[in-house]
Amino acid sequence: MKESATYHIIERDEWQEFYQNSVAPLTKIELEQLKGLNDRISLTDVEEVYIPIAHLVDIYLKQYEDLQENKLRFLKKNVEKKPFIIGIAGSVAVGKSTTARLLQMILSRVYKTKRVELITTDGFLYPNHELEKRGIMDKKGFPESYDMNRLINFLGDVKNGVPHVGAPLYSHEIYDIIPEEFEYIDQPDILIVEGINVLQLPQNQQIYVSDFFDFSIFVDAEPDLIEQWYLERFGLLLKTAFKDPTNYYYSYAVGNQEEAFTMARDVWKRVNLTNLEEYIMPTRNRADLIIHKTTNHKIDQLYLRKY
């Protein structure tokens with residue numbers, strides 16, 4: 001095991017030894033259904049990487065529950081369970097959505113009596129008309145494109161046990177918030193929050209999104225690999241978008257493919273890579289666990305925070 005100042009650096013072969021004889025609590029068909037476009041993951045990955053992660057989460061969860069119970073007893077208050085919140089961050093197209101959905105399914109089956117829910121922060125983007133009004137449509141995904149106060153209030157309500165808390169819904173097909181549609185989170189035992197911005201520290205705020213997290217994960221890869229996955233995913237989106245004129249990608253799907261990919265490469269460099277380098281990567285070392293990927297989304301190393 002290698003070491004850095006703040007992390008244990010663990011090779012995959014060593015990581016899988018930490019929790020042996022594990023069997024994936026889902027089928028191959030279920031795995032195919034939950035993975036994202038162009039994300040490559042197998043049942044072997046689940047058994048060798050994600051089951052040990054779930055075991056690690058269990059350690060943090062038990063410590064969290066003990067601390068909450070002892071703290072309330074110290075204050076002479078009734079013991080009330082508050083949700084354990086997991087944050088999952090990383091670049092666009094790195095596979096964090098698959099990680100979030102997979103972890104949700106595994107934890108749901110490990111904790112049969114617990115409610116495990118998942119939310120993405122895409123719904124807390126400002127609607128396109130508001131981004132255009134603010135002149136930041138070309139910065140969609142940057143910190144200023146999110147309604148952070150709304151997201152923080154949402155997490156505060158969930159953490160404090162408020163029932164039936166609504167979050168706006170985002171559609172990748174229309175590339176915008178769906179008006180007057182919400183996803184409701186109803187007093188979960190575990191909540192997974194996935195998004196590129198969840199570990200960022202926006203300016204002029206006393207409370208950050210990460211303040212609500214009890215465990216955090218950063219899905220990591222080299223930028224040139226992420227660009228490759230981004231473009232591959234873009235190609236897959238075009239293959240389905242041509243059937244639906246209302247799809248945001250329809251005009252690119254039915255138009256000149258070379259021009260479409262030229263546009264996508266420009267968006268990657270001008271928007272996504274800039275966002276990654278300036279705002280996302282600097283949050284990497286705030287995570288409790290870093291999942292590092294290499295070619296073909298293969299997980300080769302995990303970084304576990306020491307302190």
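The values are calculated or read from the model by the stated rules, or taken from the named source; none is laboratory data. In this text, all values refer to a predicted model and were calculated from it rather than measured experimentally. Reconstructed Cβ throughout: ideal geometry from the backbone, glycine too, with neighbour counts over all protein chains shown. For the accessible areas, the whole protein counts, side chains as well, though only heavy atoms, and no ligand, DNA or RNA atoms are used. Shrake-Rupley method; radii C 1.70, N 1.55, O 1.52, S 1.80 Å.
Take Asp224 and Leu34, extend 7 Å from each Cα along the Cα→Cβ direction, and tell me the distance between the two endpoints in nm.
The answer from the label model is 3.4 nm.
Using amide H atoms built 1.01 Å from N in the peptide plane, name the residues 5+ places from Phe84, or on other chains, whose amide H lies under 5 Å from its own.
Result for Phe84 returns Ile190, Leu191.
Solvent-accessible area of Lys71, probe 1.4 Å, all protein chains present, reported in Å² to the nearest ten, please.
100
Considering the chain as a Gaussian network with a 10 Å cut-off on Cα pairs, which listed residue, Arg286, Arg270, Arg73, attains the greatest mean-square fluctuation?
Judging by the Gaussian network model, the answer is Arg73.
Using the Cβ atoms and a cut-off under 13 Å, what net charge is assigned to the surroundings of Thr6, where Lys and Arg are +1 and Asp and Glu are -1?
Values: positive: Lys2, Arg284, Arg286, Arg305, Lys306; negative: Glu3, Asp288.
Local charge sum for Thr6: +3.
Would you mind computing, in nm to one decimal, how far apart the modelled labels at Arg284 and Glu65 are, each placed 7 Å from Cα along Cα→Cβ?
Placing both labels 7 Å beyond Cα along the Cβ direction yields 3.5 nm.
In nm, to one decimal, how far is the modelled label at Glu181 from the one at Lys2, with both set 7 Å along Cα→Cβ?
Calculated label separation equals 4.5 nm.
Would you mind telling me the antiparallel percentage of the DSSP bridges in the chain, rounded to 5?
Working: 19 of 38 bridges.
Percent antiparallel among DSSP bridges in the chain is about 50.
Quick check for me: using +1 on Lys/Arg Cβ and -1 on Asp/Glu Cβ, what's the dipole size of the chain about its Cα centre, in debye to the nearest 20?
Working: 36 positive and 47 negative charges, 151 e Å.
With only Lys, Arg, Asp and Glu charged at Cβ, the dipole is about 720 debye.
Through the Karplus equation 6.51 cos²θ - 1.76 cosθ + 1.60, θ set to phi - 60°, convert the phi angles of region 206-222 into ³J(HN,Hα) values in whole Hz; use x for Gly and Pro.
Ordered by residue, 3J(HN,Hα) equals 7, 10, 10, 4, 5, 5, 8, 8, 9, 7, 9, 10, 10, 8, 10, 6, 5 Hz.
Sorting Thr98, Thr27 by accessible area (1.4 Å probe), largest first, what list results?
Thr27, Thr98
State whether region 1-130 is rounded, prolate or oblate according to the following rule on the C-alpha gyration tensor (a ≥ b ≥ c being the square roots of its eigenvalues): a/c under 1.5 gives rounded; otherwise a/b larger than b/c gives prolate, and the remaining case gives oblate. Could you put the intermediate results ahead of the total?
Numbers: a/c = 1.57, a/b = 1.17, b/c = 1.34.
It is oblate, given that a/c is not under 1.5 and a/b is not larger than b/c.
Give a residue-ordered list of calculated ³J(HN,Hα) values for region 291-307 (Karplus: 6.51 cos²θ - 1.76 cosθ + 1.60, θ = phi - 60°; whole Hz; x for Gly, Pro).
Working through the residues one at a time gives 9, 9, 10, 10, 3, 6, 6, 6, 7, 10, 9, 10, 10, 10, 4, 7, 10 Hz.
Taking a 32 Å limit on the Cα-Cα distance, which of the listed pairs Lys2/Lys77; Lys81/Lys293; Lys62/Lys298; Lys28/Lys112; Lys96/Lys159 fall beyond it?
With Cα atoms farther than 32 Å apart: Lys2/Lys77; Lys81/Lys293.
Set Lys and Arg Cβ to +1 and Asp and Glu Cβ to -1, take the dipole of region 151-279 about its Cα centre, and tell me which of Ile185, Gly235, Phe213 lies farthest positive.
With unit charges placed on the Cβ atoms, the residue in question is Gly235.
Taking the alpha-carbon centroid of each part, what is the distance from region 158-180 to region 22-76 in angstrom?
24
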